[in-house]
1. Taking neighbour counts of Cβ atoms within 10 Å as a proxy for exposure, in what order, fewest first, do R72, R9, R83 appear?
2. Along the Cα-to-Cβ line of E12, 7 Å from the Cα, sits a label point; which residues in the stretch 18-62 have backbone N less than 16 Å from it?
3. What length, rounded to one decimal in nm, is gained on full extension from Q58 through to R34, with 0.36 nm per residue of separation minus their alpha-carbon distance?
4. Take the stretch 2-83, drop everything but the C-alpha atoms, weight them equally and run the Debye formula without solvent; then report log10 I(q)/I(0) at 0.20, 0.23 Å⁻¹ to two decimals.
5. With n ≥ 4 as the cut-off for DSSP H runs, can you work out [θ] at 222 nm for the chain, using -39500 (n - 2.57) per run divided by the number of residues, rounded to the nearest 500?
6. Which whole-number percent gives the relative contact order of the stretch 2-83, counting Cα pairs below 8 Å spaced six or more residues apart?
Amino acid sequence: MDFEAAIVRAEEAQCMQDPAAERQALEAAIQLYRGDLLPSCYDEWILAERDRLQQTYQGALERLMDLLEHERNYAGAIRIAQRLQ
């Protein structure tokens with residue numbers, strides 16, 4: 001999944017202490033996220049995966065917001081914060 005690949009790239013960039021690459025990967029991941037996985041499906045097998053992806057997305061938003069704040073890009077950080085649920 002492209003979303004998860006972007007998350008992995010962000011994690012790798014964080015480990016390499018490359019905030020610009022991390023921000024770019026997080027921005028890509030956020031753009032790739034299309035909402036809940038199979039939102040009309042309530043089978044038990046899908047619930048855990050849906051929750052995992054939602055949590056990953058929320059974590060990406062929070063990390064991107066932190067990076068933007070650190071860059072003093074407060075307008076960008078506010079835009080990301082508004083997407084948090």
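1. Ranking R72, R9, R83 by Cβ neighbours within 10 Å, fewest first, gives R72, R83, R9.
2. It comes to 18-29, nothing else.
3. Difference between extended and current length: 7.4 nm.
4. -0.86, -1.04
5. -25500 deg cm²/dmol
6. 24 percent
Each reported figure results from applying straightforward, stated rules to the coordinates on display, with no laboratory input. Since the model is a prediction, treat every value here as computed from it, not as a measurement. Reconstructed Cβ throughout: ideal geometry from the backbone, glycine too, with neighbour counts over all protein chains shown.
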